[in-house]
Amino acid sequence: MVRRRGRSSRHSAWVLVALLVLVYWLAGDRLREGLGLPGSGAAPGKGAALRVATWNLRNFPDPAQDQARLRDRLNGLDADLLALQEIHDPAALQALLPGWTIALSEHGGRGHQRLGVAIDPQALELIEPAREYPELSMRGHVRPGFSVYLRAHNGGPDFHVLVVHLKAMSEGYSLRTQQWSLLAGLAGDLLRSDPDLIVLGDFNATGPAGGTPQAELSALEAILGPIGLRRLAASEPCSSYWDGARRDAWQEPSLLDLVWVAGLHEGLDADAQVRPLHHCARHHCQTFRSTSAYPEPDFADLSDHCPVVLDLAQGRDDDP
């Protein structure tokens, strides 16, 4: 009888372990996400760094978005500056970020997709009024550019931020190439004012028709590199997902959201990287399946794009 009870106890223990493993795998992402553990896609701690993020919020506020979840995700980024794209309702954005300073473009192209920044006033201050660049909208057809000049509290650095959302799709490649030259001119003007600059946003670098995204990135680097901008590598090789050619609920990765920097030698080293978060990090830029019955929550409820973050070391600004 004692021997039977021992076997029964061991059997029950194995059943319990199996059930716990099953529960973990069924709800693991949600659990890890809530705890902020690796694999959740949540932002890591930033310590004393100054955090800059860019995020295309997919026609905010889209009726399909979970606004409570979006508020939590925005707060979870622990960012000091948010560069945002596809904003339709500034008041709704302010409601999600109470106490933040929000500056958005007046125009947003034919789709009325405004772009701009949200600034945590406890970390940063505006040195000059924000500027909108209608020339980048190609006579109002697409989105303009938008810049702010900022100073971090407690000694700097001072730097310009230029936010973009370029023409989408491979069919838009020809127009994007025209935008690149205009963008290089705008960035050059800002660099003459202050050699510290971040250019970031949705570059829609999908590649030309019949070409590859890498070919487009190389062509873009040939335009922006000579004026002193370098594109920061990413910890994961994507920043968004799309339906893919098969349109069968399998989502495929794409690298659309880029960060370029010039100067900022006090805050960045030569190996500095940006970090895509949420579903890009959680799935390590591998394809995943998202359906109405079993949605990938960040992709389905928030945006096809993932936020991309850059951490700058704070310190005294040596540049004028």
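Structure values in brief
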quantity: Failed criterion for E128 (all others in (1) of a type in the set (D, E, K, R); (2) under 22 Å from the mean Cα position of the chain (by Cα); (3) closer than 30 Å to A49 by Cα hold); calculated: (2)
quantity: Filtered residues of the range 235-257 (kept if in contact with a helix residue (DSSP H, G or I) (Cβ under 8 Å, 6 or more places away or on another chain) and either over 30 Å from Q314 (Cα atoms) or of a type in the set (A, V, I, L, M, F, W, C) (or both)); calculated: C238, Y241, Q251, P253, S254, L255
quantity: Flag for L104 being of a type outside the set (S, T, N, Q), in contact with a helix residue (DSSP H, G or I) (Cβ under 8 Å, 6 or more places away or on another chain), buried (at least 16 other Cβ atoms within 10 Å of the Cβ) and closer than 18 Å to D72 by Cα; calculated: no
quantity: Unique residue being acidic (D, E) and buried (at least 16 other Cβ atoms within 10 Å of the Cβ) when the list is D189, D194; calculated: D194
quantity: Close pairs from the range 265-285: first farther than 30 Å from D158 by Cα, partner part of a helix (DSSP H, G or I) and at pLDDT 95 or above, Cβ under 8 Å, at least 6 apart; calculated: H279/D298; H279/F299; R282/D298
quantity: Among residues of the range 80-95, those that are among the charged types (D, E, K, R) and open to solvent by less than 20 Å² (accessible area, probe 1.4 Å), counted; calculated: 1
quantity: Matching option when the condition is free of Cβ contacts under 8 Å to residues at least 24 places away in the same chain, of a type outside the set (K, R) and touching a strand residue (DSSP E or B) at 6+ places or on another chain (Cβ under 9 Å), among D243, D311; calculated: D243
quantity: Yes/no for S147 being surrounded by 15 or more Cβ atoms within 10 Å (Cβ to Cβ) and at pLDDT 95 or above; calculated: yes
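The values are calculated or read from the model by the stated rules, or taken from the named source; none is laboratory data. Small disclaimer: the values here were computed from a predicted structure and weren't measured. As a convention, Cβ positions derive from the backbone with ideal geometry for all residues, glycine included, and neighbour counts pool all protein chains shown. Just so you know, the surface numbers come from the protein's heavy atoms only, side chains and all, with ligands and any DNA or RNA stripped out. Shrake-Rupley method; radii C 1.70, N 1.55, O 1.52, S 1.80 Å.
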